[in-house]
2 protein chains.
Amino acid sequence: MKVFIEPIGRLINEFAKLPGVGAKTAQRFAYKIINMSEAEAQNFADAILGAKKKVRYCRICGNFSEEEVCDICKTRPNEIICVVKEPKDVVAIEKLNEFGGVYHVLHGAISPLDGVGPDDINIKGLLKRIGEGGVKEVIMATDTDVEGEATAMYISGLIKPLGIKVTRLARGLPIGTDLEYADEVSLARAFVERKTI
Amino acid sequence: MKVFIEPIGRLINEFAKLPGVGAKTAQRFAYKIINMSEAEAQNFADAILGAKKKVRYCRICGNFSEEEVCDICKTRPNEIICVVKEPKDVVAIEKLNEFGGVYHVLHGAISPLDGVGPDDINIKGLLKRIGEGGVKEVIMATDTDVEGEATAMYISGLIKPLGIKVTRLARGLPIGTDLEYADEVSLARAFVERKTI
(Lines give C-alpha, C1' and ligand atoms only; values in the text may rest on other atoms or scores of the structure.)
Protein backbone atom coordinates (compact mmCIF):
# COMPACT_ATOMS: atom_id res chain seq x y z
CA MET A 1 0.00 0.00 0.00
CA LYS A 2 1.42 3.35 -1.02
CA VAL A 3 1.35 5.83 1.83
CA PHE A 4 0.46 8.77 -0.43
CA ILE A 5 -1.92 8.73 -3.37
CA GLU A 6 -0.18 9.58 -6.65
CA PRO A 7 -1.02 13.30 -7.08
CA ILE A 8 0.02 14.08 -3.51
CA GLY A 9 3.20 11.97 -3.73
CA ARG A 10 4.12 13.72 -6.96
CA LEU A 11 3.62 17.19 -5.45
CA ILE A 12 5.67 16.22 -2.38
CA ASN A 13 8.50 15.11 -4.68
CA GLU A 14 8.41 18.45 -6.49
CA PHE A 15 8.52 20.47 -3.28
CA ALA A 16 11.37 18.30 -1.98
CA LYS A 17 13.48 19.62 -4.90
CA LEU A 18 13.52 23.10 -3.36
CA PRO A 19 16.65 23.98 -1.39
CA GLY A 20 16.53 23.00 2.29
CA VAL A 21 13.16 21.25 2.00
CA GLY A 22 12.99 17.70 3.41
CA ALA A 23 10.24 15.11 3.24
CA LYS A 24 8.21 16.44 6.20
CA THR A 25 8.31 20.06 5.03
CA ALA A 26 7.43 19.04 1.47
CA GLN A 27 4.44 17.16 2.90
CA ARG A 28 3.29 20.26 4.81
CA PHE A 29 3.62 22.37 1.66
CA ALA A 30 1.60 19.81 -0.33
CA TYR A 31 -1.21 19.82 2.24
CA LYS A 32 -1.24 23.61 2.10
CA ILE A 33 -1.74 23.46 -1.67
CA ILE A 34 -4.56 20.92 -1.33
CA ASN A 35 -6.28 23.19 1.19
CA MET A 36 -6.04 26.19 -1.17
CA SER A 37 -8.93 27.17 -3.44
CA GLU A 38 -8.64 26.19 -7.12
CA ALA A 39 -7.99 29.84 -8.00
CA GLU A 40 -5.15 30.10 -5.47
CA ALA A 41 -3.53 26.91 -6.75
CA GLN A 42 -3.88 28.19 -10.31
CA ASN A 43 -2.19 31.47 -9.31
CA PHE A 44 0.64 29.54 -7.72
CA ALA A 45 1.18 27.41 -10.82
CA ASP A 46 0.95 30.49 -13.08
CA ALA A 47 3.54 32.32 -10.97
CA ILE A 48 5.98 29.42 -11.45
CA LEU A 49 5.45 29.26 -15.19
CA GLY A 50 5.45 33.06 -15.48
CA ALA A 51 8.74 33.42 -13.64
CA LYS A 52 10.30 30.72 -15.77
CA LYS A 53 9.01 32.11 -19.06
CA LYS A 54 9.25 35.86 -18.55
CA VAL A 55 12.56 36.10 -16.72
CA ARG A 56 15.73 36.23 -18.78
CA TYR A 57 19.14 37.78 -18.35
CA CYS A 58 19.85 41.41 -19.29
CA ARG A 59 22.06 41.46 -22.39
CA ILE A 60 24.26 44.13 -20.82
CA CYS A 61 24.65 43.38 -17.11
CA GLY A 62 23.49 39.74 -16.82
CA ASN A 63 20.93 40.49 -14.08
CA PHE A 64 17.39 39.09 -14.23
CA SER A 65 15.23 41.09 -16.60
CA GLU A 66 11.85 40.95 -18.31
CA GLU A 67 13.22 42.63 -21.42
CA GLU A 68 16.44 42.37 -23.42
CA VAL A 69 17.95 45.21 -21.38
CA CYS A 70 17.00 45.61 -17.71
CA ASP A 71 15.52 48.76 -16.16
CA ILE A 72 18.74 49.54 -14.31
CA CYS A 73 20.90 49.47 -17.43
CA LYS A 74 18.26 51.46 -19.32
CA THR A 75 17.91 54.31 -16.85
CA ARG A 76 21.15 54.78 -14.93
CA PRO A 77 24.51 56.32 -15.86
CA ASN A 78 27.16 53.69 -16.57
CA GLU A 79 30.06 55.58 -14.96
CA ILE A 80 30.25 53.27 -11.98
CA ILE A 81 29.86 49.51 -12.43
CA CYS A 82 29.35 47.33 -9.38
CA VAL A 83 30.52 43.77 -10.06
CA VAL A 84 28.69 40.99 -8.18
CA LYS A 85 28.57 37.22 -8.23
CA GLU A 86 24.82 36.54 -8.45
CA PRO A 87 21.56 38.35 -9.22
CA LYS A 88 20.63 38.04 -5.54
CA ASP A 89 23.60 40.26 -4.67
CA VAL A 90 22.03 42.99 -6.80
CA VAL A 91 18.88 42.63 -4.70
CA ALA A 92 20.89 42.98 -1.47
CA ILE A 93 22.58 46.17 -2.70
CA GLU A 94 19.42 47.67 -4.24
CA LYS A 95 17.67 47.29 -0.88
CA LEU A 96 20.17 49.76 0.61
CA ASN A 97 18.99 52.52 -1.74
CA GLU A 98 22.57 53.86 -1.63
CA PHE A 99 24.06 52.92 -4.97
CA GLY A 100 22.93 54.75 -8.11
CA GLY A 101 25.21 53.11 -10.66
CA VAL A 102 24.87 49.98 -12.76
CA TYR A 103 25.76 46.35 -12.06
CA HIS A 104 27.61 43.53 -13.71
CA VAL A 105 26.62 40.00 -12.70
CA LEU A 106 29.41 37.44 -13.15
CA HIS A 107 27.20 34.38 -12.52
CA GLY A 108 29.90 32.66 -10.50
CA ALA A 109 33.33 33.10 -8.99
CA ILE A 110 36.74 31.82 -10.04
CA SER A 111 37.30 28.55 -8.19
CA PRO A 112 40.03 26.24 -9.56
CA LEU A 113 39.05 23.54 -7.07
CA ASP A 114 35.56 23.40 -8.60
CA GLY A 115 36.93 23.70 -12.12
CA VAL A 116 35.61 27.23 -12.60
CA GLY A 117 38.10 29.40 -14.49
CA PRO A 118 37.98 33.04 -15.66
CA ASP A 119 36.35 31.98 -18.94
CA ASP A 120 33.46 30.28 -17.13
CA ILE A 121 32.12 33.49 -15.63
CA ASN A 122 30.98 36.64 -17.42
CA ILE A 123 34.25 38.61 -17.40
CA LYS A 124 34.34 39.14 -21.15
CA GLY A 125 31.07 41.05 -21.00
CA LEU A 126 32.53 43.35 -18.37
CA LEU A 127 35.65 44.09 -20.46
CA LYS A 128 33.42 44.78 -23.47
CA ARG A 129 31.37 47.28 -21.48
CA ILE A 130 34.52 49.02 -20.30
CA GLY A 131 35.88 49.03 -23.86
CA GLU A 132 32.78 50.93 -25.01
CA GLY A 133 33.90 53.87 -22.85
CA GLY A 134 32.38 56.08 -20.18
CA VAL A 135 33.25 53.83 -17.23
CA LYS A 136 35.15 55.65 -14.47
CA GLU A 137 35.07 53.19 -11.59
CA VAL A 138 34.55 49.47 -11.13
CA ILE A 139 33.50 48.39 -7.62
CA MET A 140 34.36 44.76 -6.89
CA ALA A 141 31.48 43.57 -4.70
CA THR A 142 32.19 39.84 -4.90
CA ASP A 143 31.93 37.73 -1.74
CA THR A 144 34.70 38.00 0.86
CA ASP A 145 35.46 34.27 0.73
CA VAL A 146 38.49 32.80 -1.04
CA GLU A 147 36.76 32.52 -4.41
CA GLY A 148 35.32 36.02 -4.19
CA GLU A 149 38.71 37.52 -3.31
CA ALA A 150 40.44 35.61 -6.10
CA THR A 151 37.83 36.80 -8.60
CA ALA A 152 38.19 40.40 -7.45
CA MET A 153 41.99 40.26 -7.70
CA TYR A 154 41.90 38.64 -11.14
CA ILE A 155 39.46 41.16 -12.59
CA SER A 156 41.19 44.16 -11.06
CA GLY A 157 44.43 42.91 -12.63
CA LEU A 158 42.74 43.10 -16.03
CA ILE A 159 41.07 46.48 -15.56
CA LYS A 160 43.66 48.58 -13.73
CA PRO A 161 46.04 48.70 -16.72
CA LEU A 162 43.21 50.34 -18.67
CA GLY A 163 43.50 53.34 -16.34
CA ILE A 164 40.15 52.73 -14.63
CA LYS A 165 39.72 53.08 -10.88
CA VAL A 166 39.00 49.70 -9.26
CA THR A 167 37.69 49.57 -5.69
CA ARG A 168 36.72 46.78 -3.33
CA LEU A 169 33.97 46.94 -0.67
CA ALA A 170 35.53 47.68 2.74
CA ARG A 171 36.21 44.67 4.94
CA GLY A 172 36.52 44.78 8.72
CA LEU A 173 34.32 44.48 11.77
CA PRO A 174 30.60 44.25 11.12
CA ILE A 175 28.68 47.12 12.76
CA GLY A 176 27.27 46.24 16.20
CA THR A 177 29.84 43.56 16.94
CA ASP A 178 31.26 42.80 20.37
CA LEU A 179 35.01 42.85 19.69
CA GLU A 180 35.36 39.75 21.82
CA TYR A 181 33.11 37.73 19.50
CA ALA A 182 34.42 39.02 16.19
CA ASP A 183 35.98 36.31 14.02
CA GLU A 184 39.77 36.42 13.95
CA VAL A 185 40.13 37.02 10.24
CA SER A 186 37.83 40.06 10.25
CA LEU A 187 39.51 41.43 13.38
CA ALA A 188 42.99 41.04 11.89
CA ARG A 189 41.76 42.70 8.71
CA ALA A 190 40.29 45.57 10.70
CA PHE A 191 43.74 46.15 12.28
CA VAL A 192 45.54 46.14 8.97
CA GLU A 193 43.03 48.50 7.36
CA ARG A 194 42.59 50.81 10.36
CA LYS A 195 41.81 54.43 9.49
CA THR A 196 42.78 57.82 10.94
CA ILE A 197 39.83 59.47 12.64
CA MET B 1 12.98 51.28 -8.16
CA LYS B 2 11.43 47.93 -7.38
CA VAL B 3 13.97 45.49 -5.98
CA PHE B 4 12.47 42.49 -7.82
CA ILE B 5 11.07 42.44 -11.33
CA GLU B 6 7.37 41.57 -11.42
CA PRO B 7 7.44 37.83 -12.29
CA ILE B 8 10.04 37.13 -9.60
CA GLY B 9 8.26 39.27 -7.01
CA ARG B 10 5.01 37.47 -7.75
CA LEU B 11 6.60 34.03 -7.38
CA ILE B 12 8.26 35.06 -4.10
CA ASN B 13 4.84 36.18 -2.80
CA GLU B 14 3.34 32.81 -3.70
CA PHE B 15 6.10 30.84 -1.99
CA ALA B 16 5.79 33.05 1.10
CA LYS B 17 2.23 31.71 1.51
CA LEU B 18 3.59 28.26 2.36
CA PRO B 19 3.76 27.44 6.07
CA GLY B 20 7.01 28.49 7.76
CA VAL B 21 8.40 30.20 4.65
CA GLY B 22 9.67 33.75 5.15
CA ALA B 23 10.87 36.33 2.63
CA LYS B 24 14.45 35.02 2.37
CA THR B 25 13.42 31.39 1.92
CA ALA B 26 10.76 32.34 -0.62
CA GLN B 27 13.47 34.21 -2.54
CA ARG B 28 15.72 31.12 -2.55
CA PHE B 29 12.83 28.97 -3.78
CA ALA B 30 12.08 31.47 -6.56
CA TYR B 31 15.71 31.46 -7.74
CA LYS B 32 15.63 27.67 -7.77
CA ILE B 33 12.60 27.76 -10.07
CA ILE B 34 14.26 30.28 -12.40
CA ASN B 35 17.32 28.03 -12.61
CA MET B 36 15.17 25.00 -13.52
CA SER B 37 14.62 23.97 -17.14
CA GLU B 38 11.26 24.88 -18.71
CA ALA B 39 10.21 21.23 -18.50
CA GLU B 40 11.02 21.02 -14.80
CA ALA B 41 9.08 24.21 -14.06
CA GLN B 42 6.17 22.87 -16.10
CA ASN B 43 6.24 19.63 -14.09
CA PHE B 44 6.21 21.60 -10.87
CA ALA B 45 3.23 23.68 -11.97
CA ASP B 46 1.41 20.57 -13.24
CA ALA B 47 1.98 18.80 -9.91
CA ILE B 48 0.34 21.71 -8.07
CA LEU B 49 -2.66 21.80 -10.38
CA GLY B 50 -2.88 18.00 -10.47
CA ALA B 51 -2.89 17.70 -6.69
CA LYS B 52 -5.55 20.39 -6.42
CA LYS B 53 -7.76 18.93 -9.15
CA LYS B 54 -7.40 15.18 -8.61
CA VAL B 55 -7.42 15.00 -4.83
CA ARG B 56 -10.77 14.85 -3.08
CA TYR B 57 -12.07 13.33 0.14
CA CYS B 58 -13.17 9.69 0.36
CA ARG B 59 -16.96 9.59 0.77
CA ILE B 60 -16.64 6.97 3.50
CA CYS B 61 -13.60 7.80 5.64
CA GLY B 62 -12.83 11.42 4.71
CA ASN B 63 -9.20 10.71 3.83
CA PHE B 64 -7.60 12.07 0.64
CA SER B 65 -8.58 10.00 -2.36
CA GLU B 66 -8.40 10.11 -6.14
CA GLU B 67 -11.78 8.37 -6.45
CA GLU B 68 -15.10 8.62 -4.63
CA VAL B 69 -14.03 5.82 -2.28
CA CYS B 70 -10.37 5.49 -1.29
CA ASP B 71 -8.23 2.37 -1.77
CA ILE B 72 -8.18 1.65 1.96
CA CYS B 73 -11.98 1.67 2.32
CA LYS B 74 -12.30 -0.38 -0.89
CA THR B 75 -9.94 -3.17 0.07
CA ARG B 76 -9.84 -3.59 3.85
CA PRO B 77 -12.30 -5.11 6.34
CA ASN B 78 -14.23 -2.47 8.28
CA GLU B 79 -14.24 -4.30 11.61
CA ILE B 80 -11.75 -1.93 13.20
CA ILE B 81 -12.00 1.80 12.58
CA CYS B 82 -9.12 4.04 13.61
CA VAL B 83 -10.34 7.59 14.24
CA VAL B 84 -7.84 10.39 13.52
CA LYS B 85 -7.89 14.17 13.31
CA GLU B 86 -6.25 14.81 9.92
CA PRO B 87 -5.29 12.96 6.72
CA LYS B 88 -1.63 13.32 7.72
CA ASP B 89 -2.30 11.15 10.77
CA VAL B 90 -3.35 8.36 8.41
CA VAL B 91 0.04 8.73 6.69
CA ALA B 92 1.86 8.47 10.04
CA ILE B 93 0.00 5.26 10.96
CA GLU B 94 0.23 3.70 7.48
CA LYS B 95 4.02 4.13 7.59
CA LEU B 96 4.11 1.70 10.54
CA ASN B 97 2.68 -1.10 8.41
CA GLU B 98 1.03 -2.40 11.61
CA PHE B 99 -2.62 -1.52 11.25
CA GLY B 100 -4.78 -3.39 8.75
CA GLY B 101 -8.15 -1.81 9.46
CA VAL B 102 -9.84 1.28 8.09
CA TYR B 103 -9.72 4.94 9.13
CA HIS B 104 -12.08 7.74 9.88
CA VAL B 105 -10.78 11.28 9.46
CA LEU B 106 -12.57 13.84 11.62
CA HIS B 107 -10.99 16.90 9.97
CA GLY B 108 -10.60 18.68 13.28
CA ALA B 109 -10.93 18.30 17.02
CA ILE B 110 -13.53 19.59 19.44
CA SER B 111 -12.26 22.90 20.80
CA PRO B 112 -14.83 25.19 22.45
CA LEU B 113 -12.21 27.94 22.78
CA ASP B 114 -11.83 28.02 18.98
CA GLY B 115 -15.57 27.66 18.46
CA VAL B 116 -15.28 24.10 17.13
CA GLY B 117 -18.13 21.94 18.41
CA PRO B 118 -19.03 18.27 17.78
CA ASP B 119 -21.11 19.24 14.74
CA ASP B 120 -18.15 20.95 13.10
CA ILE B 121 -16.11 17.77 12.71
CA ASN B 122 -17.08 14.58 10.89
CA ILE B 123 -18.63 12.63 13.80
CA LYS B 124 -21.96 12.05 12.03
CA GLY B 125 -20.18 10.12 9.29
CA LEU B 126 -18.58 7.87 11.90
CA LEU B 127 -21.93 7.12 13.59
CA LYS B 128 -23.46 6.36 10.19
CA ARG B 129 -20.68 3.86 9.42
CA ILE B 130 -21.17 2.18 12.78
CA GLY B 131 -24.94 2.12 12.20
CA GLU B 132 -24.39 0.16 8.98
CA GLY B 133 -23.03 -2.72 11.07
CA GLY B 134 -19.91 -4.88 11.09
CA VAL B 135 -17.79 -2.58 13.26
CA LYS B 136 -16.29 -4.33 16.29
CA GLU B 137 -13.78 -1.82 17.60
CA VAL B 138 -13.16 1.91 17.30
CA ILE B 139 -9.62 3.05 18.09
CA MET B 140 -9.45 6.68 19.15
CA ALA B 141 -6.14 7.91 17.70
CA THR B 142 -6.72 11.62 18.15
CA ASP B 143 -3.87 13.81 19.44
CA THR B 144 -2.96 13.61 23.12
CA ASP B 145 -3.50 17.34 23.67
CA VAL B 146 -6.56 18.79 25.43
CA GLU B 147 -8.64 19.00 22.24
CA GLY B 148 -7.69 15.49 21.15
CA GLU B 149 -8.56 14.04 24.56
CA ALA B 150 -11.87 15.91 24.68
CA THR B 151 -12.75 14.66 21.20
CA ALA B 152 -11.87 11.07 22.13
CA MET B 153 -13.97 11.25 25.31
CA TYR B 154 -16.94 12.79 23.51
CA ILE B 155 -16.97 10.22 20.71
CA SER B 156 -16.45 7.26 23.04
CA GLY B 157 -19.43 8.54 25.06
CA LEU B 158 -21.56 8.25 21.91
CA ILE B 159 -20.27 4.87 20.75
CA LYS B 160 -19.93 2.83 23.96
CA PRO B 161 -23.72 2.67 24.56
CA LEU B 162 -23.99 0.96 21.14
CA GLY B 163 -22.05 -1.99 22.59
CA ILE B 164 -18.94 -1.38 20.52
CA LYS B 165 -15.45 -1.65 22.00
CA VAL B 166 -13.72 1.75 22.11
CA THR B 167 -9.97 1.93 22.71
CA ARG B 168 -7.48 4.76 22.99
CA LEU B 169 -3.81 4.63 21.91
CA ALA B 170 -1.59 3.98 24.95
CA ARG B 171 -0.06 7.03 26.56
CA GLY B 172 3.09 7.02 28.68
CA LEU B 173 6.82 7.37 28.24
CA PRO B 174 8.08 7.57 24.66
CA ILE B 175 10.49 4.71 23.84
CA GLY B 176 14.16 5.63 24.31
CA THR B 177 13.51 8.35 26.86
CA ASP B 178 15.79 9.15 29.77
CA LEU B 179 13.38 9.12 32.71
CA GLU B 180 15.04 12.25 34.04
CA TYR B 181 14.11 14.21 30.91
CA ALA B 182 10.58 12.88 30.42
CA ASP B 183 7.90 15.58 30.66
CA GLU B 184 5.96 15.49 33.93
CA VAL B 185 2.57 14.82 32.44
CA SER B 186 3.74 11.77 30.49
CA LEU B 187 5.65 10.47 33.51
CA ALA B 188 2.63 10.86 35.80
CA ARG B 189 0.49 9.14 33.18
CA ALA B 190 2.97 6.29 32.93
CA PHE B 191 2.64 5.76 36.70
CA VAL B 192 -1.13 5.75 36.64
CA GLU B 193 -1.27 3.33 33.71
CA ARG B 194 1.58 1.08 34.85
CA LYS B 195 1.24 -2.56 33.78
CA THR B 196 2.04 -5.91 35.39
CA ILE B 197 5.01 -7.55 33.69
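Okay, here's what the table says:
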{"read-out": "Cβ-Cβ under 9 Å pairs, at least 6 apart or on other chains, the range A:135-148 side free of Cβ contacts under 8 Å to residues at least 60 places away in the same chain, far side β-branched (Val, Ile, Thr) and part of a loop (DSSP other than H, G, I, E, B)", "value": "A:135/A:164; A:136/A:164; A:137/A:164; A:138/A:164; A:147/A:110"}
{"read-out": "Given (1) of a type outside the set (Gly, Ala, Ser); (2) within 18 Å of residue A:143 (Cβ to Cβ); (3) crowded, with 21+ Cβ neighbours inside 10 Å, index of the condition residue A:114 fails", "value": "(3)"}
{"read-out": "Residue check for residue B:12: of a type in the set (A, V, I, L, M), within 7 Å of chain A (Cβ to nearest Cβ) and crowded, with 17+ Cβ neighbours inside 10 Å", "value": "no"}
{"read-out": "Selected residue (criterion: farthest from the other protein chains (Cβ to nearest Cβ)) from residues of the range B:50-102 that are touching a residue at least 60 places away in the same chain (Cβ under 8 Å) and open to solvent by 10 Å² or more (accessible area, probe 1.4 Å)", "value": "B:60"}
{"read-out": "Only listed residue being assigned to a strand (DSSP E or B) and β-branched (Val, Ile, Thr), chosen from A:130, A:81, A:159, A:93", "value": "A:81"}
{"read-out": "Residue in the range A:180-187 that is loosely packed, with under 14 Cβ neighbours inside 10 Å and either in contact (Cβ under 8 Å) with a residue 60 or more places away in the chain or among the basic types (Lys, Arg) (or both) present", "value": "no"}
{"read-out": "Complete set of residues in the range A:103-121 that are under 15 Å from residue A:148 (Cβ atoms) and in contact (Cβ under 8 Å) with a residue 40 or more places away in the chain", "value": "A:104, A:105, A:106, A:107, A:109, A:110"}
{"read-out": "Any hit, the range B:67-80, residues being in contact with a Ser or Thr (Cβ under 6 Å, 6 or more places away or on another chain) and within 29 Å of residue A:42 (Cα to Cα)", "value": "no"}
{"read-out": "Test set (1) in a loop (DSSP other than H, G, I, E, B); (2) within 28 Å of residue B:44 (Cα to Cα) - residue A:44 fails condition number", "value": "(1)"}
{"read-out": "Count of residues meeting criterion [in a helix (DSSP H, G or I) and at the interface with chain A (Cβ under 8 Å from one of its Cβ atoms)] in the range B:20-39", "value": "10"}
{"read-out": "Within the range B:1-49, tally of residues that are closer than 24 Å to residue A:97 by Cα and touching a residue at least 24 places away in the same chain (Cβ under 8 Å)", "value": "1"}
{"read-out": "Complete set of residues in the range B:132-145 that are open to solvent by 40 Å² or more (accessible area, probe 1.4 Å) and more than 19 Å from residue B:174 (Cβ to Cβ)", "value": "B:132, B:134, B:136"}
{"read-out": "Which numbered condition residue A:17 misses (of (1) more than 7 Å from chain B (Cβ to nearest Cβ); (2) assigned to a helix (DSSP H, G or I); (3) under 26 Å from residue B:25 (Cβ atoms))", "value": "(2)"}
{"read-out": "Test: residue B:108 is more than 9 Å from chain A (Cβ to nearest Cβ) and assigned to a loop (DSSP other than H, G, I, E, B)", "value": "yes"}
{"read-out": "First in the range A:151-173 and open to solvent by 70 Å² or more (accessible area, probe 1.4 Å), second anywhere and among the polar types (S, T, N, Q), Cβ under 9 Å, 6 or more apart", "value": "A:169/A:142; A:169/A:144"}
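The values are calculated or read from the model by the stated rules, or taken from the named source; none is laboratory data. Keep in mind the model is a prediction, meaning the values are calculated, not measured. Quick reminder, even Gly has a Cβ in these numbers, built from the backbone with ideal geometry, and neighbours come from all protein chains shown. Only protein heavy atoms, including side chains, enter the accessible area calculation; ligands, DNA and RNA are left aside. Shrake-Rupley method; radii C 1.70, N 1.55, O 1.52, S 1.80 Å.
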